[in-house]
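Notes follow the structure.
The values are calculated or read from the model by the stated rules, or taken from the named source; none is laboratory data. Bear in mind the structure is a predicted one, so any value in this text is a computation, not a measurement. Protein only, heavy atoms only, side chains kept; ligands, DNA and RNA dropped before computing areas. Shrake-Rupley method; radii C 1.70, N 1.55, O 1.52, S 1.80 Å.
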Amino acid sequence: MSQANGRNKLSVPPSELDRIQGSLDAPVVLVKYGDYQSPDCGESHRIIKAIQQQLGNRLGLVFRHFPQVSIHPQAQKAAEAAEAAAAQGQFWQMHDTLFEHQQALDNGYLVEYANDLGLDITQFLQAMWRHVYVDRVTEDVESGLRNGITTTPTLFINGIRYNDAWNVESLLAAIARIENS
């Protein structure tokens, strides 16, 4: 992990305004910028899930949206769907569902996922149709751009950009280095 310039440090620290799984007070906090339609983000999702199981409450996870709409046309809608689910207390459930079904993110599927999660479909559809959460997604994207992010997934461990291989072993090694420093 290089710390050569300011772009390797997270400029917008995690806060209660973020989507958080675990605690911001955990010894290790991962901040991931992701795109629900990106295959690489899907793989990183599985890796982070495995690490969460191993580290338990020693790990906090923050997810920030960074849909790359020029190459992933459904990513923006998926991000808004996750936020619409968050309004009903189901962000992480929708988040996981979207990554598990990355190849099926059209409107009909998003409604099906919302229904499967037991969301109020009328409220969900109104939020989607009116783009109620577009500003929330845009805020995440803008914070990513301020950090020089151009692609996903991008991960920060305790505020330092992770630049190593995307596998469980490499990520655990980086976490251990940070935990022990």
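Odds and ends about this structure:
- Most to least accessible of 38, 23, 70 (protein chains only, probe 1.4 Å): 70, 23, 38
- With a 1.4 Å probe rolled over the protein heavy atoms of all chains, the accessible area of 12, 132, 29 falls in the order 132, 12, 29, largest first.
- The coefficient of translational diffusion for the chain, derived via Stokes-Einstein from the alpha carbon Kirkwood radius under 25 °C and 0.890 mPa s, stands at 148 µm²/s.
- Probe 1.4 Å, accessible area per residue of the chain, Å²: 48 Å²
- Placed amide H near residue 163: partners under 5 Å, 5+ positions off or other chain: 2
- Share of carbon and sulfur in the accessible heavy-atom surface of segment 1-108 [1.4 Å probe, %]: 47 percent
- Whether segment 4-57 is rounded, prolate or oblate, judged on the alpha carbon gyration tensor where a/c under 1.5 counts as rounded: oblate
- Computed over the chain with a Gaussian network model linking Cα atoms closer than 10 Å, the most mobile of 153, 14, 73 is 73.
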